[in-house]
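Coordinate-derived values only; no laboratory data. Since we're looking at a predicted model, the values are computed, not measured. All Cβ positions, even for glycine, are placed from backbone atoms using ideal geometry, and neighbour counts span all protein chains on display.
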Amino acid sequence: MALIYEPKIFAECAGVRAALSLRGTNSTPFGFNMSLSVGDDSQLVADNRARLATRLGFGADRLATLRQVHGDTVVNVDNVYAASEGDAIVTDREGWLLAVSVADCAPILMYDQANRVVAAVHSGWRGTQQNVVEATIGTMKKKYSTNPDEVLCYVGAAASQCCYEVGDDVAQHFDERFSRSIADGKYLFDNKGRVLEQLISCGLQPINIEMDIRCTICDSHFHSYRRDGLRSGRMLAVIGMTTELANSDSLGTA
C-alpha cells in the first residue's frame with residue numbers, strides 16, 4: 001500500500017520534493033503516524049518521520065516542524081526551534097523539509113518558481129477564518145519578492161463539505177457558499193473551497209493550483225480526528241528543495 005502521495009503540480013520542478021503522508025496499515029489505529037502527541041510509541045513516530053524524510057532525499061534532522069496553534073503566524077525556518085509556534089513555515093534554503101501536521105485541517109504546500117522559495121501551511125477553520133494563506137503569501141512577497149503568478153500550490157486532502165459538519169460557532173464566520181445549512185444550527189463546511197478562493201484572491205493562478213478532492217473523514221487512506229477521535233494519527237504535508245535526487249525505498253507512492 002502506498003504511504004505517501006506526491007503532488008503532480010511540482011513534478012517538473014528541479015530539486016523540489018513534496019508529499020502528503022497517508023494513513024498506512026501498521027499498528028491500527030495509528031498507522032503511519034507522524035505525531036508525537038497522540039499516544040503513539042515515540043520511537044515508531046521517529047522512525048516514520050525519518051523514513052518519510054529519507055524517501056524524499058532529506059535527513060531526519062532537517063525536518064522543520066512547528067507547534068501549531070490554529071492561527072496565522074508565519075515562521076521562517078531560520079527561526080524555528082523546538083517550541084516554535086505557528087501555522088506556516090517558509091524558506092529559500094535548500095536542505096530543509098518543511099512540514100505541517102494534519103488530520104482533517106487543510107495542508108497547503110507552495111513553491112515560488114522564480115525565487116525558489118517553499119512554504120508549508122496548516123489551515124483549519126480558524127486558520128482559514130484568519131486567512132493564514134494571505135499571511136504566508138504576504139511574508140513571501142515581503143521577504144523574497146515573490147510574485148503570486150509564479151507560485152505553484154497543492155491543497156491537500158482534508159475534511160470536505162460532504163462530511164465536515166459544523167455549528168453556528170463556525171458557520172457564522174463564512175459566506176453561505178461555504179457553510180451549507182442542513183438542519184437548525186448545523187452546516188456542512190467547505191474549508192478547501194474557501195482556501196482556494198483565498199489563494200486566487202492573493203493572485204495565484206487557478207491553473208497553478210492542484211486541489212486534492214479527497215475527504216479525510218470518509219476516505220480511510222487518511223487519518224481523521226473527526227472520524228477516529230482522540231486515538232487518531234496525524235499526517236505530515238512536506239515540501240523542500242534538494243540538489244540530490246532521492247533514492248526510492250520500500251515506501252509506495254500513490
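Quick notes on this structure:
- With kT/(6 pi eta Rh) evaluated at 25 °C and eta = 0.890 mPa s, and Rh the Kirkwood radius from Cα pairs, region 60-174 diffuses with a coefficient of 168 µm²/s according to Stokes-Einstein.
- Shape of region 104-254, Cα gyration tensor, a/c cut at 1.5: oblate
- Region 167-250: proportion of alpha-carbon pairs further apart than 18 angstrom, %: 65
- The alpha carbon convex hull volume per residue for region 161-205 rounds to 62 Å³.
- Bridge type composition, the chain - antiparallel percent by DSSP, nearest 5: 75
- Charge-dipole axis of region 59-143 as Lys and Arg at +1 and Asp and Glu at -1 on Cβ define it, positive-most pick from Val118, Gln129, Ala64: Val118
- Equivalent ellipsoid semi-axes, the chain, via Cα gyration tensor eigenvalues times 5, rooted, Å: 26, 23, 16
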